[in-house]
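Here is the structure we will look at.
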Amino acid sequence: MRYAIIEDGKIMGFREISAEDIKIIAHYRKTETLVEAGDNIQADSHYYTDGMFREIPERPSPYHEWVPATKSWALDEVRAWRDIRGRRDKLLASSDWAILPDVPLSEEQKIEVKTYRQALRDITEQSDPGNILWPERPEVIK
């Protein structure tokens, strides 16, 4: 039989255990919670609570981690902001050439580029790292 190894509601892995062995394990290994699990139960898509396996809801963003204790997704803001800053810095670097004094751009184009770059710098003033509104890149630097 297939058993899930459960720790604080999280499925840590699976073990194939015979009916005889499960009785021995249950008697001697009190630290490990084993629950019979069908083949459709997977560690990355299910959790265990109230005596049942339940499906983990869809992940809101790549920056969310499942927390079995609260049965909810938690935003890892540190990781999210780190990645956002990294993307922002690459976008700024890719437009550095456009602000050099000898670049033949019109005054209007220079203002567009400066406005875009300032909007990139202001990205971190947005309150929700899971829902960043990125400025549109000016045509002159695409």
Net length gained if the chain between Val67 and Gln109 were fully extended (0.36 nm per residue, minus Cα distance):
10.3 nm
Name the residue from Gly13, Thr70, Gln42 whose Cα lies farthest towards the positive end of the charge dipole of segment 1-102, charges +1 on Cβ of Lys and Arg and -1 on Cβ of Asp and Glu.
Thr70
Taking the Cα centre as origin and putting +1 on Lys and Arg beta-carbons and -1 on Asp and Glu beta-carbons, what dipole magnitude results for the chain, to the nearest 20 debye?
240 debye
Apply 1/(1 + (r/R0)^6) to the Cβ-Cβ distance of Glu125 and Met12, taking R0 = 35 Å, and write down the FRET efficiency to the nearest 0.05.
0.30
Name the aspartates and glutamates eligible as straight-distance cross-link partners of Lys110: C-alpha to C-alpha under 16 Å, and not fewer than 8 places from it in the same chain.
Asp96, Asp102, Glu136, Glu139
With Cβ to Cβ distances under 11 Å as the rule, what net charge do the other residues near Pro129 carry (K, R +1; D, E -1)?
-1
Using a cut-off of 15 Å between beta-carbons, work out the net charge of the residues near Trp73 (Lys and Arg +1, Asp and Glu -1, Trp73 not included).
-2
Taking the Cα centre of segment 77-141 as origin, sum charge times position over the Cβ atoms of Lys and Arg (+1) and Asp and Glu (-1), and report the length of that vector in debye to the nearest 20.
320 debye
Given (1) 46, 35, 27; (2) 82, 24, 23; (3) 140, 26, 22, which label gives Cα extents along the principal axes in Å as computed from the coordinates?
(2)
Taking 41 Å as R0, compute the FRET efficiency from the Cβ-Cβ separation of Ala43 and Asp89 and round it to 0.05.
0.70
More than 21 angstrom apart: percent of Cα pairs within segment 2-75:
31 percent
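Values in this text are rule-based calculations from the coordinates and carry no lab data. Computed from a predicted structure; not experimentally measured. Don't worry about glycine lacking a Cβ; one is built from the backbone with ideal geometry, like all the others, and counts go over all protein chains shown.
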